[in-house]
Amino acid sequence: MLTVSVADPIGGLVERLSSAGCIIESVTDAAIVVQIADQAATLSLHNLRRQLAQSPPSQHAGVLAAFVRATLQGLSTHGERGVMLPRVTAPGDPKSVSAPWFAPLADGALWLTLIEDRGRTVRFIKPMDFVRWRLSLADARARAIDNLHAWSTAVQPTEVEPGVWQLSTRDGLDAARLLILSRWFPQPVYALPLRRDLLLLSRDHAKAAGLQQEHGPTAHVHPYAISRRLFLYDRGVISVATSSHP
């Protein structure tokens, strides 16, 4: 059973979404997964929580109502397509009826999934979507990667210490940029995709292994955790890094 603290305004949001006909699949501090008819979406709560924090309690009902209206509008837009983008995730349950399309990366240590970004709402793309859209998997994947390149035009890794960089723009695509690291690193680079909004990078194996030892044990406690493992990106190929790498 889903439970939300009555002291948390998000509890009111859950009630409003349910009353509007949405099926609430899951609730976390960071997001709510909802479904109505054949449309599903992951609703980020980051901006909503910030808006509630900046508003007096007397305005919270209006803020929540506006959020619900925008959600219903986004889920009812059957004919419009959002921007297709890739995400890198931890392996999930491929047998679930509602499981998104996925392709294994690094011998299955990671998953590649695709999302449809409609601004306020984001939904994972399912296998039947490709059939409805008459779009091949190869074309969909290529389109998502091209879109990620376009979204990353102004993005630059930040050097946080000598020989260590991070991508942490918090746009939901930082870990996914593991797929396009040649944009910034023409040589092989080690990557630690700890969570969706943090990708640590180093060209030096010893430094990368140190990052893994420091951050790996607590990677799972963060929202949208992905992996505590270290990966090697080399000319478009992603593999699990081992101690034998130079």
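The values are calculated or read from the model by the stated rules, or taken from the named source; none is laboratory data. It should be emphasised that the depicted structure is a prediction, and the values quoted were computed from it without experimental measurement. FYI the Cβ positions are ideal-geometry reconstructions off the backbone, even for glycines, and counts take in every protein chain you see.
Each row is one residue, and each column tells you yes or no for (1) touching a strand residue (DSSP E or B) at 6+ places or on another chain (Cβ under 6 Å); (2) more than 24 Å from ILE180 (Cβ to Cβ).
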site: ALA208; (1), (2): yes, no
site: HIS220; (1), (2): no, yes
site: LEU232; (1), (2): yes, no
site: ARG235; (1), (2): no, no
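Anything in segment 151-175 that is of a type in the set (A, V, I, L, M) and touching a strand residue (DSSP E or B) at 6+ places or on another chain (Cβ under 9 Å)? List them, or say none. Selection gives VAL155, VAL160, VAL164, LEU167, LEU173, ALA175. Exactly one residue among ARG203, ARG195, ARG235, ARG170 is under 16 Å from THR89 (Cβ atoms) and basic (Lys, Arg), and that residue is ARG195.
Can you confirm whether ALA191 is buried (at least 17 other Cβ atoms within 10 Å of the Cβ), more than 19 Å from SER44 (Cβ to Cβ), touching a Phe, Trp or Tyr at 6+ places or on another chain (Cβ under 7 Å) and not assigned by TED's automatic domain parsing to the domain that holds GLU116?
Criteria met by ALA191.
Residues that are part of a helix (DSSP H, G or I), surrounded by 18 or more Cβ atoms within 10 Å (Cβ to Cβ) and among the aliphatic types (A, V, I, L, M) within segment 201-216 comprise ALA208, ALA209, LEU211, listed in sequence order. Taking segment 138-164 as the search range and keeping residues that are more than 15 Å from VAL189 (Cβ to Cβ) and among the polar types (S, T, N, Q), which one is surrounded by the fewest Cβ atoms within 10 Å (Cβ to Cβ)? This residue is THR153. Using the structure shown, decide if ARG81 is of a type in the set (Lys, Arg), out of contact with any Leu (no Cβ under 6 Å at 6 or more places or on another chain) and at pLDDT below 80. When the stated conditions are applied, ARG81 passes them.
With respect to (1) part of a helix (DSSP H, G or I); (2) at pLDDT below 90; (3) surrounded by 14 or more Cβ atoms within 10 Å (Cβ to Cβ), the lone exception for LEU135 is condition (1). Out of the residues in segment 217-241 that are under 19 Å from the mean Cα position of the chain (by Cα) and small (Gly, Ala, Ser), which is surrounded by the fewest Cβ atoms within 10 Å (Cβ to Cβ)? Per the stated criteria, the residue is ALA225.
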